[in-house]
Amino acid sequence: DTGVSQNPRHKITKRGQNVTFRCDPISEHNRLYWYRQTLGQGPEFLTYFQNEAQLEKSRLLSDRFSAERPKGSFSTLEIQRTEQGDSAMYLCASSAQETQYFGPGTRLLVL
Amino acid sequence: RKEVEQDPGPFNVPEGATVAFNCTYSNSASQSFFWYRQDCRKEPKLLMSVYSSGNEDGRFTAQLNRASQYISLLIRDSKLSDSATYLCVVNQAGTALIFGKGTTLSVSS
């Protein structure tokens, strides 16, 4: 499968714990994006990388959210001190040019 | 005002019906426009890009009116498999996609 992959697919955690999600983009794509989707809403943009450079992070929801793409390939999204309101689907997308291709998402439930 | 607004529906139509979805966007600097399809508990998938000249892909026709900041999607001869949520999407600066809430379509036999 040469599409975008995300791990884990599901994560249940307790409030206050830290969680980290991984995204592996399509191999030749230099751009990588993170989005969050809550029930009944469209995906909401969080942050964007071009190669290893994080070019847009102003829409990260709070300072508890951070993302990295250290070698310009896979990326991680970390949420520290999770809150129940962080429960959502976290989607990763990648692109070479304009069209963004999405991974299957990581569904987070914070108890 | 939300950046991208869509009627959430649901639209319930019989097989074979023609259905139209509309969407408006607020930022006149938006550069590119798309319709994505999302099945329940799945990721969004690109259905088609939208151009001012209008474009058609089989039973699907998309149209953009930049002056009115309005995007449409027409589905002809609806199939059961068309049942999904249709997301109107704009791209403002070549990076972030801005999504509407989505319009839910249910096609029944």
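Taking the convex hull of the Cα atoms, report for chain B its projected area averaged over all directions, in nm².
6.6
Within a 10 angstrom radius of the beta carbon, how do B:W35, A:W34 rank from fewest other beta carbons to most?
Sorted ascending by nearby Cβ count, the order is B:W35, A:W34.
In whole Å, how far is the Cα centre of the range A:5-74 from that of the range A:88-111?
Between the Cα centre of the range A:5-74 and that of the range A:88-111, the gap is 7 Å.
Would you mind getting me the FRET efficiency between B:T95 and B:A67? Use the beta-carbon distance for r and R0 = 25 Å, nearest 0.05.
Calculated value: 0.50.
Diagonalise the Cα gyration tensor of chain A and give the resulting equivalent ellipsoid semi-axes, square root of 5 times each eigenvalue, largest first, whole Å.
Output for chain A: semi-axes of 22, 14, 13 Å.
Mean-square fluctuation check for chain A, GNM, Cα pairs under 10 Å: which of A:D63, A:D24, A:D86 is largest?
Taking springs between Cα atoms under 10 Å, the residue moving most is A:D63.
Choose one answer from A:S73, A:S58, A:S94: the residue with the largest mean-square fluctuation in a GNM of chain A with alpha-carbon springs under 10 Å.
A:S58
So what is log10(I(q)/I(0)) for the range A:48-106 at q = 0.12, 0.13, 0.27 1/Å, when the Debye sum runs over its Cα atoms only?
Summing over Cα pairs of the range A:48-106 leads to -0.32, -0.37, -1.37.
Would you work out the charge dipole size for the range A:32-111 about its Cα centre, treating the Cβ of every Lys and Arg as +1 and the Cβ of every Asp and Glu as -1, and quote it to the nearest 20 debye?
Charge dipole of the range A:32-111: 100 debye, to the nearest 20.
Any chance you could list the semi-axes, whole Å, largest first, of the equivalent ellipsoid that the Cα gyration tensor gives for the protein assembly as shown, using √(5λ)?
Value: 30, 20, 16 Å, ordered largest first.
Considering only the other residues whose Cβ falls under 12 Å of the Cβ of A:E68, what net charge follows from Lys and Arg at +1 and Asp and Glu at -1?
Local charge sum for A:E68: +2.
For a quick check: sort A:M89, B:M48 by the number of other beta carbons within 10 angstrom, fewest at the front.
B:M48, A:M89
Rounded to the nearest 20 debye, what is the charge dipole size of chain B about its Cα centre when +1 sits on each Lys and Arg Cβ and -1 on each Asp and Glu Cβ?
For chain B, the charge dipole is close to 180 debye.
Quick note: the coordinates plus some simple rules give every number you see, no bench work behind them. In this text, all values refer to a predicted model and were calculated from it rather than measured experimentally. In this analysis, Cβ positions are derived from the backbone assuming ideal geometry, glycine residues included, and neighbour counts consider all displayed protein chains.
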